[in-house]
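The values are calculated or read from the model by the stated rules, or taken from the named source; none is laboratory data. Just so you know, these numbers come straight off a predicted model, no measurement behind them. Using ideal geometry, Cβ is built from the backbone for each residue, glycine included, and neighbour counts are taken over all protein chains shown. The area values use the complete protein model at the heavy-atom level, side chains included, leaving out ligands, DNA and RNA. Shrake-Rupley method; radii C 1.70, N 1.55, O 1.52, S 1.80 Å.
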Amino acid sequence: MTATIPSDQLDDLVLVLDLVRSGAARTRPELGRRSGLGRTVISQRVGHLMRAGLLEDGELGPSSGGRAPRELRFCSGAGVILTAELGATSISAGLTDLAGNLLAQRTEASDVARGPEPVLAQVGALFDDLLATRPDAQVWGVGIGLPGPVEFATGRPSAPPIMPGWDGYPVRDHFARRHNAPVWVDNEVNAMTLGEFRAGAAAGARDYLYVKIGTGIGAGLISGGHLHRGSQGCAGDIGHTAARADTSVVCRCGNIGCLEALAGGAALARDGEAAAKDGGSPILAERLAENGVVTAEDVAWAAQNGDRAALELIQRAGRLIGDQLAMLVSFFNPSLLLIGGGVAGAGDHLLATIREVIYGRSLPLATRDLRIVRSSLGDQAGVVGAAFMVLDELFTRDRLAKWIDAGTPAGLPDLTAA
C-alpha cells in the first residue's frame, strides 16, 4: 500500500470499484445500500475512481419516485488485456477489454515441445497481430496459460511433464519486458476453469470441477467461489494419476498407467492408428491412407459414424476417465462438472460414457444434484479465463493503489515486477 492513500479509504475504493465492475451496483444509491457506506463517502470514493480513469458516469437509471440517479460505468475500454492459452499442439491468443469481453482471437498450430523461445516468439507474433487491430490500445496486463504445473507466485513452469526445456523458464519476465505491463502465468486448465466460472456455464456455481480432455487431461477446481491451485500449483493434474497398474504404456511423464497415456487425445490417436493398421477399423484405415495419420478427432468421427472399433476406443476412454472423476466427485462433492477440450467436443459417446460411470460409481448423495455438461465457452474458455486471472490480480487492494497513484490510465506505473 502506498502512503498517499489511508488504509480505510483504500478498502472503500476496492469495495466500490468491485461493486461497479461486477454489476452488483449501478448507481450511487445502490452503492450505498450494497456497501453500507454513507452518501458523502460514496461521493468521495466515486470521485477518486473517476479521476483515476476507472469509473465514469453513464445514462440515467430508473427512478424510485424522485429524480432518476445517473448510472456508473466501469471504464472497460480504457485499456486491453493480452491473453494466451498454450496447449500441447496449439496456441490460442486473445485480446479483451478490462471487463474480460473478448475483442479478438487468433489460433495457430504449435508444438510446446519445441521449447520456450520459439513457442513464446510465436505467441508474441500473435499478440502483435491482435494489437494491430487496435493500434491505440494500451496493454494493462498479460495472462498466460501453460499446459503443465506453474508456480503461480513466480510465473515459472515447474517440472512440466510434456514441456522439455520449460522447467523454471521466466515466462512472466519474457512478456513483462516486451509489453511493460504486469504478467500472470498459470496452468491452462485453471484459466479455462476461471473462464467458465466468470463468463460461462459455471457462473454462480461455488463448487465445481472443470475437466479438459484434449491431447492431455487436466482438471480445475473452484471451491467456495475461489480457484484452488494447491500449495505448489499442481492441483487438478489428474492426467498423471494411475488409471491402470497392469499396463506397459509409458506416459510422457515417465510413469506407466497414467490416465492421460491411456485415455487422452494422444492415446486415442495412437490406438486408432493401430486399429487402422490391423484391419479393425475400415473407416480409420481410409483416414490413415488419406492423411498419413489418425487423430483423436478421426476416432470420434468414426465412432459417430458407426465404426465399432472406434466406438470401443471412445467408450474405453470414457470409462477410465469416469472412474477417476467418480472418485473426485465423491471426495469434493461439486454441484457442476464441466467437460471441455478438443476431444470432449468431438462427439456424444465420450460424454455419455463418463456420465454413466460417474453416476454409477459415486456416492448417491454426491450425485443427487450434480450436473455434468459440456463447456459453454469452448475454445474461448482459456483466453477469457486468463483475462479474468489478470483482472482479479490487477485490481487487488495493494495494486489498485498503484493504479490510482498513476493519475490516469495514460500514466500507468511500471508494474513489471508483479
Single residue of region 133-155 satisfying the filter (within 10 Å of residue 80 (Cα to Cα) and in a strand (DSSP E or B)) that is nearest to the chain's Cα centre (by Cα): 142
Long-range neighbours under 6 Å by Cβ, at least six apart or interchain, first residue buried (at least 18 other Cβ atoms within 10 Å of the Cβ) within region 102-120, second of a type in the set (Phe, Trp, Tyr) and modelled with pLDDT of 95 or more: 116/166; 116/169
Filtered residues of region 343-370 (kept if within 23 Å of residue 308 (Cβ to Cβ), of a type in the set (Gly, Ala, Ser) and not in a helix (DSSP H, G or I)): 347
Subset of region 1-51 (residues that are open to solvent by 20 Å² or more (accessible area, probe 1.4 Å), in a loop (DSSP other than H, G, I, E, B) and either in contact (Cβ under 8 Å) with a residue 12 or more places away in the chain or under 18 Å from residue 402 (Cβ atoms) (or both)): 1, 2, 3, 4, 6, 26, 37
Pairs where the first residue, in region 153-180, is more than 16 Å from residue 141 (Cα to Cα) and the second is aromatic (Phe, Trp, Tyr) and open to solvent by less than 60 Å² (accessible area, probe 1.4 Å), C-beta under 8 Å, 6+ apart: 156/169; 157/166; 157/169; 160/166
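Examine region 228-240 for a residue that is more than 30 Å from residue 153 (Cβ to Cβ), under 28 Å from the mean Cα position of the chain (by Cα), at pLDDT below 95 and buried (at least 24 other Cβ atoms within 10 Å of the Cβ), and state whether such a residue exists.
Scanning region 228-240, I find no residue that is more than 30 Å from residue 153 (Cβ to Cβ), under 28 Å from the mean Cα position of the chain (by Cα), at pLDDT below 95 and buried (at least 24 other Cβ atoms within 10 Å of the Cβ), so the answer is no.
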Tally of residues being open to solvent by less than 80 Å² (accessible area, probe 1.4 Å), in contact with a strand residue (DSSP E or B) (Cβ under 6 Å, 6 or more places away or on another chain) and at pLDDT below 90 across region 52-77: 4
Residue 130 open to solvent by less than 10 Å² (accessible area, probe 1.4 Å), more than 15 Å from the chain's Cα centre (by Cα) and not small (Gly, Ala, Ser): yes
All helices (runs of 4 or more DSSP H) inside region 250-324 with 1 or more residues being under 28 Å from the mean Cα position of the chain (by Cα) and either closer than 23 Å to residue 237 by Cα or of a type outside the set (D, E, K, R) (or both): 259-263, 265-277, 296-304
Residues satisfying the stated conditions in region 192-207, i.e. surrounded by 22 or more Cβ atoms within 10 Å (Cβ to Cβ) and not in a helix (DSSP H, G or I): 200, 202
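For region 330-371, give me the residue count where each residue is buried (at least 22 other Cβ atoms within 10 Å of the Cβ), in contact with a strand residue (DSSP E or B) (Cβ under 9 Å, 6 or more places away or on another chain) and hydrophobic (A, V, I, L, M, F, W, C).
Here is the first cut: in region 330-371, the residues buried (at least 22 other Cβ atoms within 10 Å of the Cβ) are 334, 337-341, 343-344, 346, 350, 354, 358.
Within this subset, residues satisfying the condition of being in contact with a strand residue (DSSP E or B) (Cβ under 9 Å, 6 or more places away or on another chain) are 334, 337-341, 343-344, 350, 354, 358.
If we keep only those that are hydrophobic (A, V, I, L, M, F, W, C) as well, we get 337-339, 343-344, 350, 354, 358.
Residues that pass the stated criteria total 8.
Would you mind stating whether residue 329 is at pLDDT 95 or above, in a helix (DSSP H, G or I) and farther than 22 Å from residue 200 by Cα?
On the way: at pLDDT 95 or above: yes; in a helix (DSSP H, G or I): yes; farther than 22 Å from residue 200 by Cα: no.
When the stated conditions are applied, residue 329 does not pass them.
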